[in-house]
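First the structure, in the form of structure tokens, and then the observations on it.
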Amino acid sequence: MALETQEVSTERERIRAIEATLSYLATKADVALLKADVERLRADMIKWQVGLAIAVVGAVFAIVRFAG
């Protein structure tokens, strides 16, 4: 009987530890929201890179035109 009580107590401790950990885990909704944010940021980065590349090419052509 004492062994069963000890086993139940051990199982309860394990369940408490699992429940304490669950609050830190991401849900499917959290992951979906994160994926959407990453995609939005990726698109923004591509826009900035393309815009910057166009500006640099324009600046180079202007320098070549006025210097040469």
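Data for the structure
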| item | result |
| --- | --- |
| ³J(HN,Hα) computed for each position of segment 49-62 - Karplus, 6.51 cos²θ - 1.76 cosθ + 1.60, integer Hz, glycine/proline x | 5, 5, x, 5, 4, 5, 5, 5, 4, x, 5, 5, 4, 5 |
| DSSP-loop chymotrypsin sites (Phe, Trp or Tyr not before Pro) across the chain, with at most 10 other Cβ within 10 angstrom | TYR24 |
| About the Cα centre, charge dipole magnitude for the chain (Lys/Arg +1, Asp/Glu -1 at Cβ), debye | 680 debye |
| Dipole-positive endmost among THR27, SER9, VAL38 within segment 2-67 (Cβ charges, Cα centre) | VAL38 |
| Sum of -39500 (n - 2.57) over DSSP H runs of 4+, divided by residues of the chain (222 nm, nearest 500) | -32500 deg cm²/dmol |
| Candidate values (i) 27, 13, 10; (ii) 64, 11, 5; (iii) 33, 9, 7, label of the one derived for semi-axes √(5λ) of the Cα gyration tensor in Å | (ii) |
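We did not get these values from a lab; they are worked out from the coordinates using the rules stated. Remember, predicted model here, so these are calculated numbers, not experimental data. Cβ sites come from the backbone with ideal geometry, for glycine too, and all protein chains shown count toward neighbours.
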